[in-house]
Every structure is written in structure tokens, then in C-alpha cells.
Amino acid sequence: LECIGFAGVLFGWTSLLFVFKAENYFSEPCEQDCLLQSNVTGPSDLKAQDEKFSLIFTLASFMNNFMTFPTGYIFDRFKTTVARLIAIFFYTCATIIIAFTSANTAMLLFLAMPMLAVGGILFLITNLQIGNLFGKHRSTIITLYNGAFDSSSAVFLVIKLLYEQGISLRSSFIFMSVCS
């Protein structure tokens, strides 16, 4: 349940993007220095908005993979409890930051999304050891955990659907924060 509800939510970014755009995140008028030439068509302020969202996702997905080595070392050196406390800290801080951001403080997403990714991958890493309890079914259990990690991308889709029904982004992320 933990992996399916929290670990890989970052990969549902596309669904959350609709909510951020509806809330006018990064929609401020573009300054002269961000009017870069590119192949993107459409108004330049929308291009700058899309570039910021793309950069946030790129940074977060990079951190998701890059931090597996340092967090794996922490997991081996300091064991499960410390690694899980770090994961909970990162994940909870990230969900609180996202809950209290607005269009005016959208730059905080550059901090929150990588923290969410690192906390999520650490949840997965610490849960994979459970496969060792099942002997010859070890690989099946590990595969189930990986599938749960990938399936958790649907969480942001649920948040988008709730947003369309009138539930605020803040309420959804406070709920996620309380659950974590």
C-alpha cells in the first residue's frame, strides 16, 4: 500500500501539470531574458511556463535515479529505521511545500518535487528487502513492489480528478502529508 500510494507519484506529473496550469503557476509575464528562440509555437509566456515545468520534472526524475546510490549507502550503513525516517522527512516536507505553494511561490516546486522523488525512491528501496522473507517467491514479491511503484503515478491523476470536482490542491496534499 505504501508503494502504490506514495513511492512513484512523481511519474504522474502530467496529470498534476493541468492543476498547476489551472492555478496559474509560472504564468507571470515573461521578462526579456526568457524569450529564447526555439521550435515551440504559441505565445512566448506559455513557452516559458512549459520550460519551467519541464525543468522541474527533469530535475526531479534525475534526482530519483541519481540519489539511489547515496540513499542506498545510508540504508546499508545506518539500516532501515534511519533510511525510512529520511524518506518520511523528505516526502512529508515535499507534500507540505506543495500544499502551501501558490502561483506567487511556484518556484518552491523546484525544491519540493525532487524531495518527493527522493523520498519515494527511498520508500521503494527500503521495502524491497521484504522480498527476502519469501524464499523462492522473492522475485515475485520484488516485482509486485516495482509494479506498485509504477502504478502510484495514478495518485496525481486522482488529485487532478478531485481538483476538477472542487477539492483544492492544498487539501489533497495536506491529506497526502498526513498519510505519510
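The values are calculated or read from the model by the stated rules, or taken from the named source; none is laboratory data. These numbers come from a predicted model, not from an experiment. Don't worry about glycine lacking a Cβ; one is built from the backbone with ideal geometry, like all the others, and counts go over all protein chains shown. Surface areas here come from the heavy atoms of the whole protein model, side chains and all, with no ligands, DNA or RNA. Shrake-Rupley method; radii C 1.70, N 1.55, O 1.52, S 1.80 Å.
Over the residues of segment 115-157, compute the C-alpha Rg and express it relative to 2.2 N^0.38 Å.
My calculation over the Cα atoms of segment 115-157 gives 1.25.
For the chain, what number results from the quotient of the Cα radius of gyration and 2.2 N^0.38 Å?
1.12
Take each uninterrupted DSSP H stretch in the chain, measure its Cα extent along the helix axis, and return the ones at 30 Å or beyond whose mean Kyte-Doolittle hydropathy is at least 0.5.
The answer, listed by residue number, is 68-99.
Could you calculate the contour length gain from Ser151 to Phe62, that is, 0.36 nm times the residue separation minus the distance between their Cα atoms, to one decimal place in nm?
Stretched out fully, the Ser151 to Phe62 stretch lengthens by 30.1 nm.
Lys/Arg Cβ at +1, Asp/Glu Cβ at -1, dipole of the chain taken about the Cα centre: which of Ile56, Leu16, Val158 is farthest positive-ward?
Value: Val158.
Take the Cα gyration tensor of segment 86-128, multiply each eigenvalue by 5, square-root it, and list the three semi-axes largest first, rounded to whole angstrom.
The three semi-axes for segment 86-128 are 23, 8, 6 Å.
Over the chain, average the accessible area per residue using a 1.4 Å probe and give it in Å², no decimals.
56
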